[in-house]
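What follows is one structure encoded as structure tokens, with my remarks underneath.
The values are calculated or read from the model by the stated rules, or taken from the named source; none is laboratory data. Source: prediction; values computed, not measured. Cβ coordinates were reconstructed from backbone atoms using ideal geometry, including for glycine residues, and neighbour counts include every protein chain displayed. SASA here: full protein model, heavy atoms, side chains in, ligands and nucleic acids out. Shrake-Rupley method; radii C 1.70, N 1.55, O 1.52, S 1.80 Å.
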Amino acid sequence: MTEPLARLILPADVAGDVITCDEGLSFWGGVDPETGVVIDAHHALHGQSLAHKIVLMPTSRGSCSGSGVLLELALNGHAPAALVFREEEEILTLGALIAHRMFEKSLAVLRLPPADYATLAAQQHARIAGTQLIMPESTLALHRTSATDLTLSVEDQATLAGEHGAPVALAMHVITTIAVAQGATRLRDITRGHIDGCIYAHPANLTFARAMAEMGARVGVPTTINAVSVDRAASAAPALAPNFRRAASALADAYVEMGARPTFTCAPYLLEDSPALGEDIGWSESNAVIFANTVLGARTAKHPDYLDLFIAMTGRAPETGVYLTEGRRPGRILEMDLPAPHDDALWPLIGWVAGRLSPDRIPLLTGLAEAAPSRDDLRAICAAFGTTSAAPMLHIAGITPESTLPPLPGADRIRIGAADLTQAWAQLNSGPAQVNLIALGSPHFSLEETRTFADLMEGRRVDPNMSVIITLGRDIYQQARTEGLVARLNTAGVRFHADLCWCSIVEPLFPPRSTTLMTNSGKYAHYAPGLSGRDVRFGSLADCAHAAVTGAVPSAHPLWLR
């Protein structure tokens with residue numbers, strides 16, 4: 001058997017102190033894009049700086065937007081000196097590649113076999129020079145990857161050679177570099193794209209988008225756009241700082257200029273033309289990718305920001321991972337002891353725990369079929385799962401379309417019980433019992449959720465000291481208006497913002513005086529402490545409605561967890 005190679009994916013001559021993450025880290029919501037300090041309150045490295053360090057982690061996890069955070073760090077001089085992975089990784093690799101290829105800001109990216117990774121993790125300092133990793137007691141030769149490791153079609157070769165123009169040549173160069181890093185041997189066609197890098201979380205996203213638009217880049221397949229940072233149709237938009245509003249709108253405009261459809265939603269699977277079972281697509285946005293793979297049975301890797309545009313431009317993606325049936329087989333079986341009774345807070349808790357227990361492989365969850373989870377329950381599982389796992393999908397026995405795929409050889413079993421859910425509930429409920437913001441719609445609210453919340457708030461009124469905000473896609477918002485749901489909830493004191501979502505909302509649309517927020521989203525409960533700086537409470541949608549009226553949440557676990 002051939003020994004795995006120590007791979008040099010992106011070269012740079014660098015040196016630095018070694019810092020090791022025992023678990024993956026999402027740079028989006030987990031690392032401050034201005035300083036490089038870890039802000040994920042649930043991560044072991046919370047409070048430590050990654051700037052100028054040689055950073056080791058098994059692989060990244062969480063949001064596809066981590067590539068944009070890394071690009072911003074590279075542009076402002078606070079990026080790591082090098083990133084070293086033990087497993088396949090593309091989100092941060094892509095950010096480093098864009099920094100190098102488009103902006104001449106270099107950091108090294110390596111992928112090491114487990115034994116070499118462990119040797120480096122034991123060091124305090126290391127250096128990378130040329131194709132060598134130099135440690136105090138040893139030197140490791142690195143294999144430089146290149147596009148020659150791929151079998152490219154005649155059309156791919158022509159694109160790479162620039163015969164179809166500079167923008168798509170750049171796109172193909174990046175795609176082939178990432179494909180080799182992933183171990184792919186060829187590319188495959190995709191039918192549609194979804195762009196995630198359109199949130200104005202930092203200047204790098206606009207810098208990249210404008211550079212591509214000015215080069216003349218255009219998408220080559222039907223492409224939708226994620227939530228943005230401004231509610232472009234609302235009267236609330238002028239409340240934003242003028243410079244921020246202009247930049248956020250310019251970012252959205254750049255992608256529309258490149259041919260993307262202005263859907264502005266992080267839940268593109270709620271649109272009428274959702275992908276079909278077995279369809280090869282090129283999506284970004286972690287919750288959307290996981291839902292598409294898991295529930296719809298479509299096929300897409302969790303493509304990082306910027307690569308999503310390049311895939312949409314070329315209609316080509318690396319043929320690896322979950323694009324292949326073998327790559328969709330579960331590597332761990334999670335046996336769920338389902339509490340009875342329960343409420344809808346159960347589903348995000350299951351997703352969050354499943355991700356924690358299966359951070360690096362696709363799991364099969366058993367024991368949920370009798371509860372017959374709804375589409376929104378499955379959305380909640382997928383979104384929360386994406387915050388704690390790097391896997392781009394999961395299976396649910398008896399529910400999801402590919403749950404009968406045979407587990408991989410050696411797949412182990414772990415039981416999830418009430419104690420696991422109780423611990424997760426405690427970790428997502430770090431705030432006090434008094435709340436003054438209810439944050440709903442992460443991912444974007446569905447029409448069914450809007451109906452449910454309208455019924456929960458019927459005849460009730462939001463506390464005067466409370467803000468209740470729902471974020472949702474513009475298509476769902478228009479349907480909710482037509483049904484009278486928006487008017488009913490407005491009467492109760494609830495506000496709506498279309499186009500943007502909780503991962504992109506900023507003050508003053510995010511109420512500046514709020515100190516503790518409550519959400520029914522496991523995804524936002526995980527990211528909110530780092531993104532917003534607020535304390536967080538998590539609970540069911542009914543709990544959120546009760547807190548909206550009273551300003552208080554129970555301090556104890558829900559009855560079904562006691």
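Things worth noting here:
- Candidates Val14, His557, Ser60 compared by Cα position along the dipole of the chain: farthest toward the positive end lies His557, with charges placed on Cβ.
- Ranking of Val549, Val31 by solvent-accessible surface, largest first: Val549, Val31 (1.4 Å probe, protein heavy atoms only, all chains present).
- Positive minus negative residues near Ala345 (Lys, Arg vs Asp, Glu; Cβ under 12 Å): -3
- Computed with a 1.4 Å probe over protein heavy atoms only, the accessible area of Thr491 comes to about 100 Å².
- Taking a ≥ b ≥ c as the square roots of the eigenvalues of the alpha carbon gyration tensor, segment 117-177 is prolate, as a/c is not under 1.5 and a/b beats b/c.
- 14 Å beta-carbon shell around Leu150, net charge (K/R +1, D/E -1): -1
- Ordering 129-138, 59-68 by mean Cβ neighbour count within 10 Å, with the highest value first, yields 59-68, 129-138.
- Accessible area (Å², per residue) of the chain, counting only protein heavy atoms and a probe of 1.4 Å: 36 Å²
- Total formal charge among the other residues, if their Cβ is under 15 angstrom from that of His557, Lys/Arg +1 and Asp/Glu -1: -1
- Each peptide among 405-412, 4-11, 349-356, 361-368 gets the average number of other Cβ atoms lying within 10 Å of its residues, and from highest to lowest they stand as 349-356, 361-368, 4-11, 405-412.
- Given their separation in residues at 0.36 nm each and the Cα-Cα distance between them, Glu34 and Glu163 gain 42.6 nm when the chain is fully extended.
- Of the listed residues Glu285, Glu257, the order by accessible area with a 1.4 Å probe, largest first, is Glu257, Glu285.
- Distance between the C-alpha centres of segment 129-166 and segment 435-485: 49 Å, rounded to the whole angstrom.
- Label point at Phe103 placed 7 Å out along Cα→Cβ; residues across segment 296-322 whose backbone nitrogen lies under 13 Å: 306
- Label-reachable residues, segment 110-148, where backbone N falls under 16 Å from a point 7 Å from Asp13's Cα toward its Cβ: 127-134
- Taken as Cα centroids, segment 488-562 and segment 238-292 sit 23 Å apart, rounded to the nearest whole angstrom.
- J(HN,Hα) series, segment 538-548, from Karplus relation 6.51 cos²θ - 1.76 cosθ + 1.60, nearest Hz, glycine and proline x: 10, x, 6, 5, 5, 4, 5, 5, 4, 5, 4
- Charge dipole magnitude, Cβ of K and R +1, D and E -1 - segment 282-421, Cα centre, debye nearest 20: 360 debye
- Surface accessible to a 1.4 Å probe, Arg316 within the full protein complex, Å²: 40 Å²
- Spin-label pair Trp560/Arg413, simplified geometry with 7 Å Cα→Cβ offset, distance in nm: 2.5 nm
- Bridge type composition, the chain - antiparallel percent by DSSP, nearest 5: 30 percent
- Amide H to amide H, with H built 1.01 Å from N, Leu50 comes under 5 Å of Val37, Val38, counting only residues 5 or more places away or on other chains.
- Within the accessible area of segment 363-519 (1.4 Å probe), percent carbon and sulfur: 50 percent
- Residue among Gly327, Leu365, Cys382 farthest towards the positive dipole end of the chain, charges placed on Cβ: Cys382
- Note, ³J(HN,Hα) from phi for segment 65-75, Karplus 6.51, -1.76, 1.60, rounded to Hz, x at Gly and Pro: 6, x, 5, x, 4, 5, 4, 4, 5, 5, 6
- In this calculation the C-beta distance from Thr148 to Ser274 is compared with R0 = 35 Å, giving a FRET efficiency of 0.35.
- Charged-residue dipole, Cβ positions (Lys, Arg, Asp, Glu), the chain about Cα centre, Debye nearest 20: 600 debye
- For segment 472-532, the dipole from Cβ point charges (+1 on Lys and Arg, -1 on Asp and Glu) about the Cα centre works out to 120 debye, to the nearest 20.
- Across segment 388-397, rounded Karplus estimates of 3J(HN,Hα) from the backbone phi angles (6.51 cos²θ - 1.76 cosθ + 1.60, θ = phi - 60°) give 10, 10, 8, 5, x, 5, 9, 10, 10, 4 Hz, Gly and Pro being marked x.
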